[in-house]
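A quick write-up on the structure given underneath.
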Amino acid sequence: MKRLPSLALGAAMFMAPLSAGATDNVTLILDWTPGGISASWYYGMENGCFSGQDINLTVQRGYGGSDTVTKIAAGAGDFGMADLSSIMLGKLTANAAVKAIMPVYSSSPISIAALGGSGITKIADLAGKTVAAAPGDSGMKILPVAFEEAGADFSRVKVETVDFSTLTGLLIQGKVDAITTYSTSAMIIDAAAHKVGKSVTTIPFAADLGVYSNSVFTSDKMIEKDRGLVERFKKAAACAFEKARDNIPAAVAAMNKSVGSMDEALHTTIAKASIPLIFESPNFKATGWKWNEPGVAKTLDVSTRAQGLKTEAKPMSFVLNE
């Protein structure tokens, strides 16, 4: 009987490493449906980026960046993808307790898509036209500032808010003059337009504004409760994007294996255009996966100006930069 304490101690010492190495089940909610840079997450899972950080990742589609911000703030997921402007505005207008932890697009691909031959080739050409966007669309949030900086009158634009799934059809059918999208997503729209003898013109207006776009974020509660998991997730995410960059066709194949029924050739073309954008940005070349303070400040300035908001919040209070 006197041996029991030492046996118990030995058992405890044996079991401790198992507990320390436990795997965390983590849910990531995208901003929209899988495609383009989203292939990175699936390829990262397939290549051990997440298991190597003791993370079992589940990816869910999103319904707009603003919706994803709301869900992460409410605890419906652990991490999310959204435009940095949506994250900032969620905090400012809805007290969403979230923080961006890692930039993905350090230069924004947010664009306007219009039919070729419509005469719309620059932002000012949208005056007097109808522009459609999905609810909570980040592009529509910053479009007024692009108008202002182009010396155009945004009040002359008729804005229609429609379901995301209807945007492409409305544009191709000529029921709206333009839609907000990403320069990379415009390739899908252009491919659909070509099937009916039409084409799409893309105006990448957000790149000229110098703002951040897609970002990984989480809740303040997660940062406070498990900072170690947040840091491991950032490392796994960086690994996933870097591996996808090195083998884009395989990354798209991994995404299709999980999602199914994807046009791999088309999505590979889109991914080849979108994934390199992550690494080609001057901000990324300067600071990598960390935040560039002038870029964060510019994003906050554009976001608040576009919505007519004023804030005393410091730009870097919206991001985690460690």
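The values are calculated or read from the model by the stated rules, or taken from the named source; none is laboratory data. Bear in mind that the values here come from a model prediction, so they are computed numbers and not experimental data. Don't worry about glycine lacking a Cβ; one is built from the backbone with ideal geometry, like all the others, and counts go over all protein chains shown.
Worth a mention:
- For region 94-110, a residue qualifies if it is on the phi < 0 side of the Ramachandran plot and either at pLDDT 95 or above or of a type in the set (Phe, Trp, Tyr) (or both), and the qualifying residues are Ala94, Ala96, Ala97, Val98, Lys99, Ala100, Ile101, Met102, Pro103, Val104, Tyr105.
- Top-ranked residue in region 24-39 [being touching a helix residue (DSSP H, G or I) at 6+ places or on another chain (Cβ under 9 Å) and assigned to a strand (DSSP E or B); ranked as nearest to Thr184 (Cα to Cα)]: Ile29
- Residues that are part of a loop (DSSP other than H, G, I, E, B) and modelled with pLDDT of 95 or more within region 63-93 comprise Ala74, Gly75, Ala76, Gly77, Asp78, listed in sequence order.
- Among the residues of region 97-111, just one is part of a loop (DSSP other than H, G, I, E, B) and within 18 Å of Lys225 (Cβ to Cβ), namely Ala97.
- Residues satisfying the stated conditions in region 142-175, i.e. in a loop (DSSP other than H, G, I, E, B) and either of a type in the set (Lys, Arg) or crowded, with 22+ Cβ neighbours inside 10 Å (or both): Lys175
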